[in-house]
Amino acid sequence: MSVVEHVREMASAGLHSNVRLLSGLLLTMSGNNPELFSPSQKYQLLVYHADSLFHDKEYRNAVSKYTMALQQKKALSKTSKVRPSTGNAASAPQSQCLPSEIEVKYKMAECYTMLKQDKDAIAILDGIPSRQRTPKINMMLANLYKKAGQERSSVTSYKEVLRQCPLALDAILGLLSLSVKGAEVASMTINIIQSIPNLDWLSVWIKAYAFVHTGDNTRAINTICSLEKKSLLRDNVDLLGSLADLYFRAGDNKNSILKFEQAQMLDPYLIKGMDVYGYLLAREGRLEDVENLGCRLFNISDQHAEPWVVSGCHSFYSKRYSRALYLGAKAIQLNSNSVQALLLKGAALRNMGRVQEAIIHFREAIRLAPCRLDCYEGLIECYLASNSIREAMVMANNVYKTLGANAQTLTLLATVCLEDPVTQEKAKTLLDKALTQRPDYIKAVVKKAELLKQKYEDGIALLRNALANQSDCVLHRILGDFLVAVNEYQEAMDQYSIALSLDPNDQKSLEGMQKMEKEESPTDATQEEDVDDMEGSGEEGDLEGSDSEAAQWADQEQWFGMQ
């Protein structure tokens, strides 16, 4: 057995550090004595050495060695016979055990993608003749084409993957994301479904994700629920995660959180989707839960974007925007396609007054997830923050036409209309339509309440109706504000207390409660008159009780101030 064969055996056994040391020494020997190894042996040594560098994540060095190996392979193909080795090697032909040139080019493309040099990766894979491309090469090409915006080439590559591997589900999702009809995709899998038992669910699965990628959240939820209820697919983590994400897109945060919790109970090491889960928890004011989730995810892996996004959400909702910006940037560095990371960074930039930079991030989020309404909401908020009402109106109308007239798009359009006195009446009509479709949609209730600030009784009725089947910090706080306006002080205090129990960091609820404590209510005035009477009659014991009660209120005010 030659020394090169020993290197090959160690490479096959996964002894990468050993391969790196030995192949490095042998290549130096070859450089000092070109006759020591044959061209085929030198080619093998270069490939195995490059593989070991790839394993050690030294991608630029690996590309350099792979390039040298390919040059050596070209020299090999020009000679019809292998030069004999003067070292340990046997002189038998080794062409049958040479590393594949196609595999070397694939590894080079992987290096380029890790170095974020996608154009170079595409170029090296494009150089492989179509007939020689393996499924993994076509899959990588499809993803790279998609990222580069070359949709037609991406579709062709995804279809080639499915032709070779009809059960490549990620390729199916890739086609659906590029607006290929669900029926066309299903036709490419029909033969495999009919020939293998227990695959009847696949056509329904394709139908469900076709709805997902067309933005039809309601039908997507119903279809995935029908799949999830089947005994063979019950408690599937991927389906639960998809349901959670769909509920989130539909604005049903309560069910979204519920599904995320079910998914992570089934798989405690789940990372996918946890960035959205952390964001939802942060929005509800559950910052301690967000912090715990972030720590747990970091213990699982710090090489994914999700832990950094979750930690960033904690910082953002703690009003530490600079830290949120850093964490969002770190998440994007790990995964440039992380929509939640782009939204986090965009929101942090917006709140720091860097609106134009924020706009860039929201636009990129829209490019990656054109069916997610929150991406458009972030961009429109930037336009409104910079008084670009016309641009906000154009965008809101486009969203309304693209995603359809549902409670969310109607409310988004109404939000922009509220900024212009000329279109405020239109805003009222849009909000009424939104609340007719979904009477419990919180954003629509909040915006409608803003229009009823001078009609407090109507506003109170609207808020009570919305709170009948749900509990939300913002709704309780606004109800408290309206109750103060109609002199219902005790119930207003109750509403502020409920709001703070839901989100202890809600500053506006805290301010409302403290303002009430400082202002004198009719009840307080009556109590003061009673105290004056007691002072005149010399009832000192009751006065002591009154001082004790005042001290309790002072303690409570101090406690709220510390939150």
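The values are calculated or read from the model by the stated rules, or taken from the named source; none is laboratory data. Because the structure is predicted, anything quoted here is derived from the model rather than measured. No Cβ is skipped: glycine too gets one built from the backbone with ideal geometry, and neighbour counts run over all protein chains shown. For accessibility, only protein heavy atoms count, side chains too; no ligands or nucleic acids. Shrake-Rupley method; radii C 1.70, N 1.55, O 1.52, S 1.80 Å.
Annotations for the structure displayed:
- Subset of the stretch 350-364 [in a helix (DSSP H, G or I) and among the aliphatic types (A, V, I, L, M)]: VAL355, ALA358, ILE359, ILE360
- Top-ranked residue of the stretch 365-403 - restricted to ones that are of a type in the set (Val, Ile, Thr) and open to solvent by 20 Å² or more (accessible area, probe 1.4 Å), ranked as modelled with the lowest pLDDT: THR402
- Residue among LEU463, LEU430 that is surrounded by 22 or more Cβ atoms within 10 Å (Cβ to Cβ) and closer than 29 Å to THR214 by Cβ: LEU430
- Residue within the stretch 474-481 that is open to solvent by 40 Å² or more (accessible area, probe 1.4 Å), at pLDDT below 90 and of a type outside the set (D, E, K, R) present: yes
- Residue check for ASP533: modelled with pLDDT under 80, open to solvent by 50 Å² or more (accessible area, probe 1.4 Å) and assigned to a helix (DSSP H, G or I): yes
- Highlighted here are the helices (runs of 4 or more DSSP H) found entirely within the stretch 384-438 that include at least 2 residues which are charged (D, E, K, R) and more than 19 Å from LEU246 (Cα to Cα): 389-403, 424-437.
- Candidates SER509, SER471 - the one that is touching a Lys or Arg at 6+ places or on another chain (Cβ under 8 Å), within 27 Å of ALA434 (Cα to Cα) and among the polar types (S, T, N, Q): SER509
- Of all residues in the stretch 7-21 being touching a residue at least 40 places away in the same chain (Cβ under 8 Å) and under 39 Å from the mean Cα position of the chain (by Cα), the one that is least open to solvent (accessible area, probe 1.4 Å): ALA11
- Yes/no for TYR326 being at pLDDT 95 or above and part of a helix (DSSP H, G or I): yes
- Every condition in (1) of a type outside the set (Val, Ile, Thr); (2) in contact (Cβ under 8 Å) with a residue 60 or more places away in the chain; (3) closer than 20 Å to LYS447 by Cβ holds for ALA392 except the one numbered (2).
- Test: residue in the stretch 244-251 that is among the charged types (D, E, K, R), surrounded by fewer than 20 Cβ atoms within 10 Å (Cβ to Cβ) and closer than 19 Å to THR409 by Cα: no
- Note on the stretch 29-60: among residues that are free of Cβ contacts under 8 Å to residues at least 24 places away in the same chain, more than 27 Å from TYR112 (Cβ to Cβ) and of a type outside the set (A, V, I, L, M, F, W, C), the one that is surrounded by the fewest Cβ atoms within 10 Å (Cβ to Cβ) is ASN32.
- Contact map, the stretch 363-376: first residue of a type in the set (Phe, Trp, Tyr), second residue open to solvent by 30 Å² or more (accessible area, probe 1.4 Å), Cβ cut-off under 7 Å, separation 6 or more or different chains; pairs are TYR376/MET395.
- Residue that is modelled with the lowest pLDDT [pool: residues in the stretch 486-516 that are polar (S, T, N, Q) and surrounded by 13 or more Cβ atoms within 10 Å (Cβ to Cβ)]: ASN505
- Within the stretch 395-427, tally of residues that are among the polar types (S, T, N, Q) and farther than 23 Å from PHE211 by Cβ: 4
- Filter pass, LEU435 being hydrophobic (A, V, I, L, M, F, W, C) and over 29 Å from the mean Cα position of the chain (by Cα): no
- Residue match in the stretch 517-526 (condition: open to solvent by 50 Å² or more (accessible area, probe 1.4 Å), at pLDDT 85 or above and either touching a Leu at 6+ places or on another chain (Cβ under 9 Å) or not aliphatic (A, V, I, L, M) (or both)): no
- Neighbours by Cβ (under 7 Å, 6+ apart or cross-chain): first from the stretch 293-310, among the acidic types (Asp, Glu) and surrounded by 15 or more Cβ atoms within 10 Å (Cβ to Cβ); second modelled with pLDDT of 95 or more and not in a loop (DSSP other than H, G, I, E, B): GLU306/MET274; GLU306/ASP275; GLU306/LEU297
- The stretch 175-202 residues that are closer than 20 Å to ASP216 by Cβ, paired with ones that are among the aliphatic types (A, V, I, L, M) and not in a helix (DSSP H, G or I) (beta carbon under 9 Å, 6 or more apart): LEU175/MET188; LEU202/LEU167
- Being more than 25 Å from TRP205 (Cβ to Cβ) and within 15 Å of the chain's Cα centre (by Cα) is not true of ALA244.
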